[in-house]
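**Q** Mind looking over this structure? Questions follow.
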Amino acid sequence: MTELNRENWDSFILSRNGSFLQSSSWGQFQKSTGKKVLFLENYDWQALVIINPLGFGKTYFYIPYGPIWNREKNSEQIILENFLNKLKSIAKEYNAIFLKIEPKTSDEKIAGILQNLGFKKAEKSIQPENSLIVNIARPEKEIFESFEKRCRNEIKQAGKKNVSLCADSADIGIKNFLELLEKTAKRDSFRTHPLAYYQTLVKTLRSAGQADLFFAKIGQNIISACVIVYFGATASYIHAASDGPYRAANALVWAAIKEAKKKQCAYFDLYGVAPPGAAESHPWRGLTKFKESFGGARTHYIGGFDYPISNFEYNLYKVYKLYKDYIRIH
């Protein structure tokens, strides 16, 4: 593409229930972090492609919750074959050794088509395969009453304990968020992005009217925070952190839901939960119980698929990644 028509690009994504991760604003955010980004399209598909470096001059193509397509003219088989051929034709230009896609679909037929085209089911997806989505097109009272009793009580208790809720996108707010996130990450054993990532994310999407940073405070002490991204009819709860003596996260989510309703959103995506029947030892089990208290509907996607452009280099990459994971754990 020579010049991106952002309105047309986003209109295609939105008309097919696509994710903010395929939006023009997300592409601009990725560019702002230093990533190379491609906006590829033809008459029946679009794909925001993020070019991720691997070292030694090699890269891989990553398409989060994409590609996006329609079936007005062709079948999925033809569409995905044409999409794959386009990516293969430009791979050498970017020294890409494989392609990773994560279609936002629950249709297992698509998984079969991808495997027939030579894609391999990824051992691990980058974006969540399971989520909980709350219908917020209903009246506030009806939404609130659909929450679990414990959740409702904790929201009420937050008010009684003088927990204040606010939105803040200033630099100091983002730094405060990261400090809280680092505490949460240490407690719950997960990794965070650098400060600059969150600063750029909030600034870029906030300037497009597509993000808010929410805080729960007692006095000047921040005890809970979250980043909400808006795209079309959906608000997504993509990053969150909590600390302190009171469980204010429930009240903060409720505040974010009410703000999303003001912005005419119909859905609140809690964004990432453990699969159904997951063991108590699953790393997302506690987080899932928290999110389940809001009564959302479960959604499952088919997950990530890799297409090796160079089988030899792709297999080397997998061995190297296993080694890095082993070193990190031990």
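**Q** Among the listed residues A279, A274, identify the single one that is assigned by TED's automatic domain parsing to the domain that holds R191 and free of Cβ contacts under 8 Å to residues at least 24 places away in the same chain.
**A** Details: A274 fails: free of Cβ contacts under 8 Å to residues at least 24 places away in the same chain.
From the options A279, A274, the qualifying one is A279.
**Q** Give me a count of the residues in segment 232-266 that are touching a helix residue (DSSP H, G or I) at 6+ places or on another chain (Cβ under 7 Å), among the polar types (S, T, N, Q) and surrounded by fewer than 21 Cβ atoms within 10 Å (Cβ to Cβ).
**A** Selection size over segment 232-266: 0.
**Q** Filter segment 1-59 down to the residues that are β-branched (V, I, T) and in a strand (DSSP E or B) and list them by number. Lay out the reasoning, then the answer.
**A** At the first step, the residues of segment 1-59 found to be β-branched (V, I, T) are 2, 13, 33, 37, 49-51, 59.
Result: V37, V49, I50, I51, T59.
**Q** For segment 267-304, what are the residues that are at pLDDT below 95, under 15 Å from the mean Cα position of the chain (by Cα) and either loosely packed, with under 14 Cβ neighbours inside 10 Å or of a type in the set (D, E) (or both)?
**A** none
**Q** Also, quick follow-up: Condition check: acidic (D, E), under 23 Å from the mean Cα position of the chain (by Cα) and not assigned by TED's automatic domain parsing to the domain that holds K35. Does E182 satisfy that? It would help to see each step written out before you state the result.
**A** Details: acidic (D, E): yes; under 23 Å from the mean Cα position of the chain (by Cα): yes; not assigned by TED's automatic domain parsing to the domain that holds K35: yes.
Spelling it out, E182 is indeed acidic (D, E), under 23 Å from the mean Cα position of the chain (by Cα) and not assigned by TED's automatic domain parsing to the domain that holds K35.
**Q** Quick check on W69: is it closer than 15 Å to G18 by Cβ, aromatic (F, W, Y) and in contact with a Pro (Cβ under 6 Å, 6 or more places away or on another chain)?
**A** Numbers: closer than 15 Å to G18 by Cβ: yes; aromatic (F, W, Y): yes; in contact with a Pro (Cβ under 6 Å, 6 or more places away or on another chain): no.
So W69 does not fit the description; no.
**Q** Would you point out which residue out of L21, L4, L40, L54 is touching a residue at least 40 places away in the same chain (Cβ under 8 Å) and farther than 20 Å from K104 by Cβ?
**A** Answer to the check: L54.
The values are calculated or read from the model by the stated rules, or taken from the named source; none is laboratory data. Quick caveat: nothing in here was measured; it's all calculated off a predicted structure. Virtual Cβ from ideal backbone geometry, glycine too; neighbours counted across all protein chains shown.
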